[in-house]
Amino acid sequence: MSADASRADRLDRASPLPLWAQLLDDLRSRLGAGELDERFPAELELAADYGVSRNTAREALRRLRNEGTLVSARGRRPRLNPGIRQPLGAFYSLYESVAAAGLTQRSVVRSQQVRKNPVVARRLGLSPSAPLVAIDRVRIADDEPLALDEVYLPEAVGRPLLDADLGSGSLYEHLARLAGVRLSDAEETLGATTATVAQAEELQLPAGVGLLSIERIGWADGRPVEWR
(Lines give C-alpha, C1' and ligand atoms only; values in the text may rest on other atoms or scores of the structure.)
Protein backbone atom coordinates (compact mmCIF):
# COMPACT_ATOMS: atom_id res chain seq x y z
CA MET A 1 0.00 0.00 0.00
CA SER A 2 1.38 3.44 -0.90
CA ALA A 3 2.06 6.11 1.72
CA ASP A 4 -0.64 8.30 0.14
CA ALA A 5 -3.24 5.56 0.37
CA SER A 6 -2.24 4.87 3.96
CA ARG A 7 -2.80 8.53 4.86
CA ALA A 8 -6.15 8.62 3.10
CA ASP A 9 -7.21 5.56 5.11
CA ARG A 10 -6.54 7.45 8.33
CA LEU A 11 -9.72 9.46 7.73
CA ASP A 12 -13.10 7.86 8.39
CA ARG A 13 -15.54 9.11 5.77
CA ALA A 14 -18.47 7.62 7.72
CA SER A 15 -17.57 9.42 10.96
CA PRO A 16 -19.69 12.38 12.12
CA LEU A 17 -16.41 14.18 12.88
CA PRO A 18 -15.69 16.57 9.97
CA LEU A 19 -12.85 15.58 7.68
CA TRP A 20 -10.94 18.77 8.45
CA ALA A 21 -11.03 17.87 12.19
CA GLN A 22 -9.80 14.34 11.47
CA LEU A 23 -7.06 15.70 9.26
CA LEU A 24 -6.11 18.20 11.96
CA ASP A 25 -5.84 15.41 14.55
CA ASP A 26 -3.67 13.31 12.25
CA LEU A 27 -1.37 16.24 11.48
CA ARG A 28 -0.99 16.93 15.19
CA SER A 29 -0.06 13.27 15.75
CA ARG A 30 2.53 13.44 12.97
CA LEU A 31 3.89 16.70 14.39
CA GLY A 32 4.15 15.14 17.83
CA ALA A 33 6.13 12.26 16.37
CA GLY A 34 8.53 14.69 14.69
CA GLU A 35 7.53 13.42 11.26
CA LEU A 36 7.01 16.92 9.82
CA ASP A 37 9.90 18.77 11.49
CA GLU A 38 11.98 19.12 8.33
CA ARG A 39 9.23 19.85 5.82
CA PHE A 40 5.53 20.60 6.22
CA PRO A 41 3.29 19.76 3.24
CA ALA A 42 1.49 22.53 1.37
CA GLU A 43 -2.27 22.71 0.92
CA LEU A 44 -2.41 20.95 -2.45
CA GLU A 45 -0.07 18.22 -1.26
CA LEU A 46 -2.21 17.57 1.81
CA ALA A 47 -5.36 17.40 -0.29
CA ALA A 48 -3.76 14.83 -2.59
CA ASP A 49 -2.16 12.78 0.19
CA TYR A 50 -5.34 12.46 2.22
CA GLY A 51 -7.82 12.39 -0.65
CA VAL A 52 -9.70 15.46 0.57
CA SER A 53 -10.76 18.74 -0.98
CA ARG A 54 -8.58 21.85 -0.88
CA ASN A 55 -11.15 23.47 1.42
CA THR A 56 -10.72 20.63 3.91
CA ALA A 57 -6.93 20.91 3.81
CA ARG A 58 -7.15 24.72 4.04
CA GLU A 59 -9.32 24.56 7.16
CA ALA A 60 -6.92 22.19 8.93
CA LEU A 61 -4.01 24.48 8.06
CA ARG A 62 -5.94 27.52 9.25
CA ARG A 63 -6.49 25.88 12.62
CA LEU A 64 -2.79 25.07 12.96
CA ARG A 65 -1.91 28.67 12.13
CA ASN A 66 -4.43 30.09 14.60
CA GLU A 67 -3.05 27.97 17.43
CA GLY A 68 0.48 29.11 16.60
CA THR A 69 1.81 25.77 15.37
CA LEU A 70 2.37 26.96 11.80
CA VAL A 71 3.42 30.22 10.19
CA SER A 72 2.80 30.98 6.54
CA ALA A 73 2.47 33.87 4.13
CA ARG A 74 0.80 34.21 0.77
CA GLY A 75 2.65 32.19 -1.85
CA ARG A 76 4.84 30.41 0.71
CA ARG A 77 4.82 26.84 1.99
CA PRO A 78 3.61 26.51 5.61
CA ARG A 79 6.35 25.85 8.14
CA LEU A 80 6.58 25.14 11.84
CA ASN A 81 6.57 28.21 14.03
CA PRO A 82 10.08 28.51 15.50
CA GLY A 83 8.75 30.75 18.25
CA ILE A 84 10.07 34.11 19.40
CA ARG A 85 12.18 33.84 22.53
CA GLN A 86 12.59 36.80 24.84
CA PRO A 87 15.03 36.39 27.73
CA LEU A 88 13.75 37.27 31.18
CA GLY A 89 16.00 39.21 33.50
CA ALA A 90 18.19 40.47 30.65
CA PHE A 91 18.06 43.36 28.23
CA TYR A 92 16.79 42.30 24.82
CA SER A 93 15.52 43.77 21.56
CA LEU A 94 12.26 42.47 20.11
CA TYR A 95 13.70 43.12 16.65
CA GLU A 96 16.66 40.86 17.38
CA SER A 97 14.41 38.20 18.94
CA VAL A 98 12.19 38.10 15.85
CA ALA A 99 15.23 38.01 13.56
CA ALA A 100 16.69 35.11 15.56
CA ALA A 101 13.46 33.19 14.91
CA GLY A 102 14.10 33.51 11.17
CA LEU A 103 11.08 35.72 10.51
CA THR A 104 10.98 38.62 8.05
CA GLN A 105 9.96 41.79 9.82
CA ARG A 106 9.04 45.40 9.23
CA SER A 107 7.05 48.12 10.96
CA VAL A 108 4.13 50.28 9.90
CA VAL A 109 4.76 53.71 11.43
CA ARG A 110 1.46 55.29 12.46
CA SER A 111 2.90 58.43 14.01
CA GLN A 112 6.31 59.97 14.66
CA GLN A 113 6.06 63.31 16.47
CA VAL A 114 6.76 65.47 19.51
CA ARG A 115 3.98 65.59 22.08
CA LYS A 116 3.39 65.78 25.82
CA ASN A 117 2.29 62.97 28.12
CA PRO A 118 2.53 63.93 31.82
CA VAL A 119 2.23 60.33 33.06
CA VAL A 120 5.07 59.05 30.88
CA ALA A 121 7.18 62.13 31.57
CA ARG A 122 7.03 61.42 35.31
CA ARG A 123 8.06 57.81 34.72
CA LEU A 124 11.10 59.11 32.85
CA GLY A 125 11.96 61.44 35.72
CA LEU A 126 10.98 64.55 33.75
CA SER A 127 8.69 67.49 34.35
CA PRO A 128 5.05 66.66 33.46
CA SER A 129 5.19 69.35 30.78
CA ALA A 130 8.40 68.06 29.20
CA PRO A 131 8.14 67.44 25.44
CA LEU A 132 8.61 63.82 24.35
CA VAL A 133 9.30 62.15 21.04
CA ALA A 134 6.43 59.67 20.54
CA ILE A 135 6.67 56.82 18.03
CA ASP A 136 3.68 54.61 17.34
CA ARG A 137 4.14 51.51 15.18
CA VAL A 138 2.57 48.19 14.25
CA ARG A 139 5.25 45.48 14.26
CA ILE A 140 4.94 42.91 11.45
CA ALA A 141 6.56 39.45 11.35
CA ASP A 142 6.25 37.40 8.15
CA ASP A 143 3.36 39.62 7.01
CA GLU A 144 1.42 38.96 10.25
CA PRO A 145 0.83 41.75 12.83
CA LEU A 146 2.87 40.89 15.92
CA ALA A 147 2.58 43.85 18.27
CA LEU A 148 1.40 47.40 18.75
CA ASP A 149 4.49 49.35 19.78
CA GLU A 150 4.25 52.75 21.48
CA VAL A 151 7.53 54.41 22.45
CA TYR A 152 8.30 57.68 24.27
CA LEU A 153 11.75 59.25 24.51
CA PRO A 154 12.90 62.56 26.02
CA GLU A 155 12.97 65.10 23.20
CA ALA A 156 16.71 65.68 23.63
CA VAL A 157 17.30 61.96 23.09
CA GLY A 158 14.72 61.13 20.45
CA ARG A 159 14.67 64.19 18.18
CA PRO A 160 17.11 62.64 15.64
CA LEU A 161 14.53 59.87 15.09
CA LEU A 162 11.79 62.22 13.92
CA ASP A 163 13.01 62.16 10.31
CA ALA A 164 14.34 58.59 10.33
CA ASP A 165 12.83 55.71 8.38
CA LEU A 166 11.59 53.54 11.24
CA GLY A 167 9.78 51.08 9.01
CA SER A 168 12.80 48.79 8.97
CA GLY A 169 15.62 47.97 11.32
CA SER A 170 15.79 48.10 15.09
CA LEU A 171 14.75 51.27 16.90
CA TYR A 172 17.73 50.75 19.20
CA GLU A 173 20.07 50.60 16.22
CA HIS A 174 18.60 53.86 14.90
CA LEU A 175 18.94 55.41 18.36
CA ALA A 176 22.60 54.39 18.65
CA ARG A 177 23.48 55.52 15.13
CA LEU A 178 21.60 58.82 15.06
CA ALA A 179 21.65 59.91 18.70
CA GLY A 180 24.67 58.07 20.09
CA VAL A 181 22.48 56.54 22.82
CA ARG A 182 22.79 52.83 23.64
CA LEU A 183 20.35 51.24 26.05
CA SER A 184 21.96 48.82 28.47
CA ASP A 185 19.23 47.85 30.90
CA ALA A 186 15.47 47.74 31.22
CA GLU A 187 12.69 47.16 33.71
CA GLU A 188 9.53 45.46 32.48
CA THR A 189 6.05 44.88 33.82
CA LEU A 190 4.08 42.08 32.15
CA GLY A 191 0.34 41.79 32.32
CA ALA A 192 -2.79 40.84 30.44
CA THR A 193 -5.35 43.04 28.77
CA THR A 194 -8.33 42.76 26.46
CA ALA A 195 -8.03 44.09 22.94
CA THR A 196 -10.13 47.11 22.09
CA VAL A 197 -12.02 47.07 18.81
CA ALA A 198 -9.32 49.23 17.20
CA GLN A 199 -6.47 47.10 18.55
CA ALA A 200 -8.12 43.87 17.44
CA GLU A 201 -8.60 45.30 13.95
CA GLU A 202 -4.95 46.35 13.68
CA LEU A 203 -3.73 42.96 14.93
CA GLN A 204 -6.25 41.10 12.73
CA LEU A 205 -7.74 39.34 15.75
CA PRO A 206 -11.31 38.83 17.00
CA ALA A 207 -12.62 41.69 19.12
CA GLY A 208 -12.18 41.16 22.86
CA VAL A 209 -9.33 38.64 22.55
CA GLY A 210 -6.75 38.56 25.34
CA LEU A 211 -3.39 40.26 24.74
CA LEU A 212 -0.02 40.21 26.47
CA SER A 213 0.85 43.67 27.73
CA ILE A 214 4.48 44.68 28.28
CA GLU A 215 5.49 48.01 29.79
CA ARG A 216 9.20 48.79 29.62
CA ILE A 217 11.45 51.52 30.95
CA GLY A 218 14.84 51.47 29.22
CA TRP A 219 18.01 52.87 30.77
CA ALA A 220 21.22 54.33 29.35
CA ASP A 221 24.12 55.66 31.43
CA GLY A 222 22.11 55.26 34.61
CA ARG A 223 19.08 57.31 33.51
CA PRO A 224 15.70 56.34 32.06
CA VAL A 225 15.51 57.29 28.38
CA GLU A 226 12.68 55.14 27.03
CA TRP A 227 9.15 54.26 28.04
CA ARG A 228 7.59 51.63 25.78
Being open to solvent by less than 60 Å² (accessible area, probe 1.4 Å) and closer than 13 Å to LEU124 by Cβ is the requirement here; does TRP219 meet it?
no
Can you pull out the residues in the range 131-150 that are open to solvent by 20 Å² or more (accessible area, probe 1.4 Å) and on the phi < 0 side of the Ramachandran plot?
PRO131, ASP136, GLU144, PRO145, LEU146, ALA147, LEU148, GLU150
The range 176-202: number of residues that are surrounded by 10 or more Cβ atoms within 10 Å (Cβ to Cβ), without any contact (Cβ under 8 Å) to a residue 40 or more places away in the chain and aliphatic (A, V, I, L, M)
7
Looking at the range 108-130, can you tell me whether even one residue there is within 15 Å of the chain's Cα centre (by Cα) and open to solvent by less than 40 Å² (accessible area, probe 1.4 Å)?
no
Determine if the range 203-216 includes at least one residue that is over 17 Å from the mean Cα position of the chain (by Cα), open to solvent by 20 Å² or more (accessible area, probe 1.4 Å) and modelled with pLDDT of 85 or more.
no
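The values are calculated or read from the model by the stated rules, or taken from the named source; none is laboratory data. Being a predicted model, the structure only gives us computed values, none of them experimental. Because the Cβ atoms are built from the backbone with ideal geometry, glycine has one as well, and the counts that use them run over all protein chains shown. Heads up: the accessible areas ignore ligands, DNA and RNA and are worked out on the full protein's heavy atoms, side chains in. Shrake-Rupley method; radii C 1.70, N 1.55, O 1.52, S 1.80 Å.
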